[in-house]
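> First, the structure itself, so that you have it in front of you.
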């Protein structure tokens, strides 16, 4: 589904990704772990098409198409979702308004009919229940006044509504307490654990992986994948630390 081959990228003239190669097939949850400054967030921004991140080499294909040749909105319409480590606030725009416009914009890009107000509200309620988010919160401005856990749950509701085929989730567990982490993890499972879908889950810690249970775990260091294994690799990292595991590798 997603194939990254020898990808190099820089920001502000500083090279961050140094020949990164990775493949995530449909039906797989692939976790990326690594120390600070390894290039994890840069990878997510490059895949999402964030301005300022310049690809200097390599290729990325998504369902056989050149992902890097697409504009960010085209990537979203093609089924790519990017979850942010720190979801932004949008004062003056309600969640309901924002999500309906986002969904119908993607549907238009795909040549599909827009959802009516009633159809959209029914869908939004279904996804809000999955994340234990009160519908009244979706009527509020996007993330304004939300706690860290509420922002992450609202973002997972957004993912459920947009229904992507591939999700890149950048440290979704950041700022979550134990209960919120379990709700968000179970939401990821409910939305993305389905045939024809896949997840690239970027995280520092094993705790989210206890809920989501990845199929594979890779270590990213200095802009490259240096080691890939099963779920037990995350346990080794938790117990031994990055330096010890990478030295052994």
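> Name the residues in region 147-171 that are under 25 Å from residue 38 (Cα atoms) and either touching a strand residue (DSSP E or B) at 6+ places or on another chain (Cβ under 7 Å) or not in a helix (DSSP H, G or I) (or both), would you?
Within region 147-171, 155, 166, 167, 168, 169, 170, 171 qualify.
> Can you name the helices (runs of 4 or more DSSP H) wholly within region 1-115 that have at least 2 residues being touching a residue at least 60 places away in the same chain (Cβ under 8 Å) and surrounded by 13 or more Cβ atoms within 10 Å (Cβ to Cβ)?
Of the helices (runs of 4 or more DSSP H) lying wholly inside region 1-115, those with at least 2 residues that are touching a residue at least 60 places away in the same chain (Cβ under 8 Å) and surrounded by 13 or more Cβ atoms within 10 Å (Cβ to Cβ) span 40-48, 95-109.
> With respect to the numbered conditions (1) at pLDDT 95 or above; (2) out of contact with any helix residue (DSSP H, G or I) (no Cβ under 7 Å at 6 or more places or on another chain), which one is the sole condition not fulfilled by residue 52?
(1)
> Just to be sure before I move on: is residue 180 more than 21 Å from residue 115 (Cβ to Cβ), touching a helix residue (DSSP H, G or I) at 6+ places or on another chain (Cβ under 8 Å) and surrounded by fewer than 23 Cβ atoms within 10 Å (Cβ to Cβ) in the structure I sent?
It is true that residue 180 is more than 21 Å from residue 115 (Cβ to Cβ), touching a helix residue (DSSP H, G or I) at 6+ places or on another chain (Cβ under 8 Å) and surrounded by fewer than 23 Cβ atoms within 10 Å (Cβ to Cβ).
The values are calculated or read from the model by the stated rules, or taken from the named source; none is laboratory data. From a predicted model like this one, the values you see are computed outputs, not experimental measurements. Backbone-built Cβ (ideal geometry, glycine too); neighbour counts: all protein chains shown.
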